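Colleague: Starting off with a structure, shown below.
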Amino acid sequence: MEQKEEQIGLSAKKSEDFNEWYNQVVLKADMIDYSSVSGCIVFKPNSYAIWENIQKIFDGKIKKSGHKNCYFPMFIPESLLKKEAEHVEGFSPEVAWVTKAGNTDLNEKLAIRPTSETIMYESYAKWVRSWRDLPLLLNQWNSVVRWEFKHAKPFLRTREFLWQEGHTAHATKEDAEKEVMQQLFEYVDLIENYMAIPVIAGKKTDKEKFAGADYTTTVEAFMPDGRALQMGTSHLLGQNFAKVFNIKFLDKDEKEKYAWQTSWGLSTRTIGAIVMAHGDDKGLVLPPKIAPVHIVIVPIIFKEKKDIVIAKSKEIAKKLKAKNHNVELDDRDGYTPGWKFNEWELKGVPLRIEIGPKDVEAEQLVLVRRDTNEKLTIKVKDLEKKVEQALNDIQDNLFKKAKEYLTKSIVEAHDFNDFLNAIKNRKMTRALYCGQTECEDSIKDKTEGATCRCIPFEQKHAKGKCVQCGAEAKYWAVFGKGY
């Protein structure tokens, strides 16, 4: 038993060796396994269940606004992928190709989907004929492959990952732009109110925008290791793909016009963000709204009172399940309560209920919060109310802590020395910026990798000179090192 207890905990501290801490959490919390395919991971049930909850929430959101799910092939003929020059150039280094079927060379090599614009828009050209066919609002839940050669990191940077990708076509630019913003702020709601991670919403620079888009909007988070993380993006594709793929429609004025298009996506890297943003030295800490298990009940068992304690534990589990809480009753033999506590803390379950013989007699139980380790003795008659209150408090507290961290991690720089120091000290920096790509390149070189994360929608008056080149500033921008 002692050996098991020793093995279950983390040996790395979050504040001392973040990378090793992260790797231990995702492995020891039973979220992933490594596969024999370099750069690819196995999503074990503990992590896939989080993704299922994210899917369920976001799928409900987009269906409310009229979007429908579909599925397109994962194989994209080279000729299709190459149709939009800027698009293929943006993805060329990351594309994995199929060149053979058995021992036979293919007539045309096939890309394994890095994103689905080209394969989908071939069909859109056939389906869109009249203004009555618009808007066309489709979404896919699938996996994509981007054969990157950077160091793999579970959830954050893997060669295959899971995501959703929405693709819409509209009659006017105005409608397409509304769609871009609607979906971006659905991401803001999903990430802030469910994952409890605060984000900065804004626009990418031309250098950082999606290949083939008019512009890209983004939601950016900041992780405890001092790196920014792009959590989701929403793109105005304009008429770029419509002109290449001939997506035209006859409008109400009897004139033929090209459709206006958008695409938007959010991936399983959000699971990595949840681990990093909320985890501690005991392991994972999950926000209740996306946690696969809300409450674990651990009976404190003594031989002569075992049946009474187990019966009461089952009764409590039944009451909580009736209130739509996901509950685990851990009545396994051969493990001490302490070992079970450690295991469920490692897996991040928001709330633990402890109940022993004396608690049964007193009609009470002990609630333990995962986020603060606070213990609260409550009466069984108050169970549902107190549990609901505790879960809401945990959700709010995790967001509050993360928001405080984000706020103190953004440094406003008024000269380039301040800017460099902020980046060196693993902060994000908000600074006046001229908007020139050459200036952006220079910043990246001088800071050894900091990029413009976004031009925030929330802008104060940008009066003054660019922090790097001294030219007239166009806006305030946020810079930082990413993954």
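The values are calculated or read from the model by the stated rules, or taken from the named source; none is laboratory data. Computed from a prediction, not measured in an experiment: that's the story for all the values here. A quick note on method: Cβ atoms are made from the backbone with ideal geometry, for glycine too, and the neighbour counts reach across all protein chains shown.
Conditions tested, residue by residue: (1) in contact with an Asp or Glu (Cβ under 6 Å, 6 or more places away or on another chain); (2) surrounded by fewer than 13 Cβ atoms within 10 Å (Cβ to Cβ); (3) among the polar types (S, T, N, Q).
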site	(1), (2), (3)
L81	no, no, no
V88	no, no, no
A101	no, yes, no
P114	yes, no, no
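Colleague: Go through (1) within 18 Å of the chain's Cα centre (by Cα); (2) within 22 Å of S123 (Cβ to Cβ); (3) not hydroxyl-bearing (S, T, Y) and name the single condition E179 misses.
Modeller: Going through the list (1) within 18 Å of the chain's Cα centre (by Cα); (2) within 22 Å of S123 (Cβ to Cβ); (3) not hydroxyl-bearing (S, T, Y), E179 breaks only (1).
Colleague: Name the residues in the range 392-426 that are in contact (Cβ under 8 Å) with a residue 12 or more places away in the chain, among the aliphatic types (A, V, I, L, M) and assigned to a helix (DSSP H, G or I), would you?
Modeller: Within the range 392-426, I394, L398, A402, L406, L420, I423 meet the criteria.
Colleague: Would you mind finding the one in V387, V293, V298 that is among the aliphatic types (A, V, I, L, M), in a strand (DSSP E or B) and under 30 Å from I57 (Cβ atoms)? Reasoning before the result, please.
Modeller: Values: V387 fails: in a strand (DSSP E or B); V293 fails: in a strand (DSSP E or B).
Result: V298 is the single residue among V387, V293, V298 that is among the aliphatic types (A, V, I, L, M), in a strand (DSSP E or B) and under 30 Å from I57 (Cβ atoms).
Colleague: Could you check how many residues of the range 6-21 are under 22 Å from E148 (Cβ atoms) and in contact with a Gly (Cβ under 8 Å, 6 or more places away or on another chain)?
Modeller: Matching residues across the range 6-21 total 0.
Colleague: Cβ-Cβ below 8 Å, separation at least six or inter-chain, first residue in the range 13-30 and over 20 Å from F43 (Cβ atoms) and modelled with pLDDT of 95 or more, second in a loop (DSSP other than H, G, I, E, B) and among the aliphatic types (A, V, I, L, M): which pairs?
Modeller: Filtered contacts from the range 13-30: E20/A12; W21/L10; W21/A12.
Colleague: Can you name every residue in the range 457-476 that is outside any loop (DSSP other than H, G, I, E, B), in contact (Cβ under 8 Å) with a residue 40 or more places away in the chain and in contact with an Asp or Glu (Cβ under 9 Å, 6 or more places away or on another chain)? Let's see the steps before the verdict.
Modeller: Going residue by residue through the range 457-476, those that are outside any loop (DSSP other than H, G, I, E, B) are 465, 472, 475-476.
Within this subset, residues satisfying the condition of being in contact (Cβ under 8 Å) with a residue 40 or more places away in the chain are 475-476.
W476, the sole residue that qualifies.
Colleague: Give the range 399-427 a look and list any residue that's under 30 Å from R370 (Cβ atoms) and either out of contact with any helix residue (DSSP H, G or I) (no Cβ under 6 Å at 6 or more places or on another chain) or in the same structural domain as M223 (by TED's automatic domain parsing) (or both), or say none. Reasoning before the result, please.
Modeller: Filtering the range 399-427 down to residues under 30 Å from R370 (Cβ atoms) leaves 399-410, 426-427.
The answer is F399, K400, K401, K403, E404, Y405, L406, T407, K408, S409, I410, R426.
Colleague: Looking at (1) surrounded by fewer than 16 Cβ atoms within 10 Å (Cβ to Cβ); (2) out of contact with any strand residue (DSSP E or B) (no Cβ under 7 Å at 6 or more places or on another chain); (3) among the acidic types (D, E), find the lone condition where D33 falls short.
Modeller: That leaves (2) as the condition not met.
Colleague: Within the range 297-320, identify whether any single residue is in contact with a strand residue (DSSP E or B) (Cβ under 9 Å, 6 or more places away or on another chain), modelled with pLDDT of 95 or more, within 22 Å of M31 (Cβ to Cβ) and buried (at least 20 other Cβ atoms within 10 Å of the Cβ), and answer yes or no.
Modeller: Among the residues of the range 297-320, at least one is in contact with a strand residue (DSSP E or B) (Cβ under 9 Å, 6 or more places away or on another chain), modelled with pLDDT of 95 or more, within 22 Å of M31 (Cβ to Cβ) and buried (at least 20 other Cβ atoms within 10 Å of the Cβ), which makes the answer yes.
Colleague: Further question on the same structure: Take the range 372-386 and flag every residue that is over 14 Å from I295 (Cβ atoms) and acidic (D, E).
Modeller: E374, D382
Colleague: A further question on this structure: In the range 214-255, which residue that is of a type in the set (A, V, I, L, M) and closer than 24 Å to W131 by Cβ is surrounded by the most Cβ atoms within 10 Å (Cβ to Cβ)? Full working, then the answer.
Modeller: Kept after step one, since they are of a type in the set (A, V, I, L, M), are these residues of the range 214-255: 219, 221, 223, 228-229, 231, 236-237, 242, 244, 247, 250.
With the extra rule that they be closer than 24 Å to W131 by Cβ, the set shrinks to 236-237, 242, 244, 247, 250.
On the way: L236: 24, L237: 27, A242: 22, V244: 19, I247: 25, L250: 15.
The selected residue is L237.
Colleague: Is one or more of the residues making up the range 107-114 within 29 Å of V275 (Cβ to Cβ) and over 21 Å from the mean Cα position of the chain (by Cα)?
Modeller: Within the range 107-114, one or more residues are within 29 Å of V275 (Cβ to Cβ) and over 21 Å from the mean Cα position of the chain (by Cα).
Colleague: Identify all residues within the range 440-455 that are surrounded by 18 or more Cβ atoms within 10 Å (Cβ to Cβ) and of a type outside the set (S, T, N, Q); write none if there are none.
Modeller: E440, I443, A450, C452, R453, C454, I455
Colleague: Additional query: Among the residues of the range 354-402, which ones are among the aliphatic types (A, V, I, L, M), surrounded by 14 or more Cβ atoms within 10 Å (Cβ to Cβ) and within 22 Å of V309 (Cβ to Cβ)?
Modeller: Here is the first cut: in the range 354-402, the residues among the aliphatic types (A, V, I, L, M) are 355, 360, 362, 365-368, 376, 378, 380, 383, 387, 390-391, 394, 398, 402.
Next, from what is left, pick out any that are surrounded by 14 or more Cβ atoms within 10 Å (Cβ to Cβ): 355, 360, 365-368, 378, 380, 383, 387, 390-391, 394, 398, 402.
Within the range 354-402, I355, V360, L365, V366, L367, V368, I378, V380, L383, V387, A390 meet the criteria.
Colleague: What strands (runs of 3 or more DSSP E), lying completely within the range 225-277, carry at least 1 residues that are of a type in the set (A, V, I, L, M, F, W, C)?
Modeller: In the range 225-277, 228-238, 248-250, 260-267 are the strands (runs of 3 or more DSSP E) which contain 1 or more residues that are of a type in the set (A, V, I, L, M, F, W, C).
Colleague: Are there strands (runs of 3 or more DSSP E) fully within the range 312-376 with at least 2 residues that are in contact (Cβ under 8 Å) with a residue 60 or more places away in the chain and of a type outside the set (F, W, Y)? List them. Step through it out loud before you land on a result.
Modeller: Details: elements: 327-329, 351-355, 364-369.
Fully inside the range 312-376 and qualifying: nothing.
Colleague: Would a scan of the range 39-55 turn up a residue that is of a type outside the set (G, A, S), assigned by TED's automatic domain parsing to the domain that holds V188, over 24 Å from I197 (Cβ atoms) and in contact (Cβ under 8 Å) with a residue 40 or more places away in the chain? Give the derivation first.
Modeller: Residues of the range 39-55 of a type outside the set (G, A, S): 40-46, 48, 50-55.
Cutting the leftovers down to assigned by TED's automatic domain parsing to the domain that holds V188 gives us 40-46, 48, 50-55.
Retained after the next criterion (residues that are over 24 Å from I197 (Cβ atoms)): 40, 42.
Narrowing the set further to residues that are in contact (Cβ under 8 Å) with a residue 40 or more places away in the chain leaves 40.
Scanning the range 39-55 turns up at least one residue that is of a type outside the set (G, A, S), assigned by TED's automatic domain parsing to the domain that holds V188, over 24 Å from I197 (Cβ atoms) and in contact (Cβ under 8 Å) with a residue 40 or more places away in the chain.
Colleague: With the requirement that a residue be surrounded by 21 or more Cβ atoms within 10 Å (Cβ to Cβ), of a type outside the set (F, W, Y) and part of a helix (DSSP H, G or I), what does the range 18-30 give you? Can you show your working first?
Modeller: Kept after step one, since they are surrounded by 21 or more Cβ atoms within 10 Å (Cβ to Cβ), are these residues of the range 18-30: 21-22, 25-26, 29.
Next cut, of a type outside the set (F, W, Y) only: 25-26, 29.
Listed by number, the residues that qualify are V25, V26.
Colleague: Moving to a separate point now. Suppose we filter the range 41-72 for residues that are surrounded by 15 or more Cβ atoms within 10 Å (Cβ to Cβ), of a type in the set (A, V, I, L, M, F, W, C) and in a loop (DSSP other than H, G, I, E, B); how many remain?
Modeller: Total meeting the criteria: 1.
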